[in-house]
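Written out below as structure tokens is the structure these notes cover.
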Amino acid sequence: MNFESLKTAVLQSRSRTVIAVAHAVDPSIFRAAKTAIEQSLADFHFIGPFQEMTDAMKEAGFEEMEGITSFTDCVDEKEAAETAVRLVSDGEADVLMKGMVSTSILLKSVLHKEYGLRTGNVLSHIAGFEMPGREKVLFLTDAAMNIAPDLKEKVQIVENAVSALHQMGMKEPKAALLAAVETVNPAMQATLDAAVITQMNRRGQIGGCLVDGPLGFDNAVSAEAAARKKIMSPVAGDADIIVAPEIETGNSLYKSFTYIGKATAGGMIVGARAPIVLTSRTDTEKSRLLSVVMAAASRKF
């Protein structure tokens, strides 16, 4: 799977994805939306203070398109977040996208008991990386949401990622549970959790995927490294999903891939009733576009 195949899947879907953008007051949002619209990947509903949105549109060279774009005027980011979440909750949009609203305000609306997008599952972040010299996308979870997940939360993080990849068209993704060593060490909780989750997968308690761990990052992605360590596993050397044991590892890998490895990343929150695209001010236009592609490909058509 690569981003081009994901784009193809989106283009071949029966209906266009509608993305509700909360607090769309920055030109970069409209530049990314313009590209997505030109490539027929999505329609957009922009929510925020109308004058600020208008100014951002003009700076981005973005023009309103009847039937493809729509707008809702809101006084501030809190109202914009609530309105965007309600649009998704009511089925008027398929994907929620973070604009210039703070993540805490957006998630408060997402988790609202009356109109939010809760499912009862843990919310987790999954990122996809397009890397130089690598044909398929490498996915990473969780680099942004869960700080120090326990065993139960790790199981849900794996299930969230697998469910998202199923929606994208991958039938049996391979998930590697990272640790500093490949053997179980009672003094290292990450190895214990990885071993338990691997056994749960083998017994059918976690389905639709292949899971193995503990694995070091080298033998999770390199068949040569796995062979040198004599690791016999259908996952080792060919992982689709890298599962970090905690946020420091996940966040460090994310930034290493992008800043040192020159990867382009797309990302979203999964585990809610709809994909949630998280963007930051430092995201490139291409990164925002890849996030849109991931979300559009993983939403339930």
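The values are calculated or read from the model by the stated rules, or taken from the named source; none is laboratory data. None of these values were measured; they are calculated from a predicted model. All Cβ positions, glycine included, derive from the backbone under ideal geometry; neighbour counts span all protein chains shown. For accessibility, only protein heavy atoms count, side chains too; no ligands or nucleic acids. Shrake-Rupley method; radii C 1.70, N 1.55, O 1.52, S 1.80 Å.
Specify the residue that is most open to solvent (accessible area, probe 1.4 Å); the eligible residues are those in region 3-44 that are outside any helix (DSSP H, G or I) and more than 21 Å from E66 (Cβ to Cβ). In this case the residue turns out to be R14.
Would you kindly identify the helices (runs of 4 or more DSSP H) lying entirely within region 217-267 that contain at least 2 residues that are touching a strand residue (DSSP E or B) at 6+ places or on another chain (Cβ under 7 Å), under 25 Å from I157 (Cα atoms) and touching a residue at least 60 places away in the same chain (Cβ under 8 Å)? Qualifying helices (runs of 4 or more DSSP H): 247-255. Selection over region 73-108 of residues that are in a helix (DSSP H, G or I) and either in contact with a strand residue (DSSP E or B) (Cβ under 7 Å, 6 or more places away or on another chain) or farther than 22 Å from L289 by Cβ (or both) gives a count of 18. Considering only region 72-92, I want to know if a residue exists there that is open to solvent by 20 Å² or more (accessible area, probe 1.4 Å), among the small types (G, A, S), out of contact with any Pro (no Cβ under 6 Å at 6 or more places or on another chain) and more than 18 Å from L117 (Cα to Cα). No: zero hits. Taking every residue in region 99-124 that is of a type in the set (D, E, K, R) and pairing it with any residue that is open to solvent by 70 Å² or more (accessible area, probe 1.4 Å), at least 6 positions away or on another chain, the pairs with Cβ-Cβ distances below 9 Å are K108/K78; R118/L111; R118/R273.
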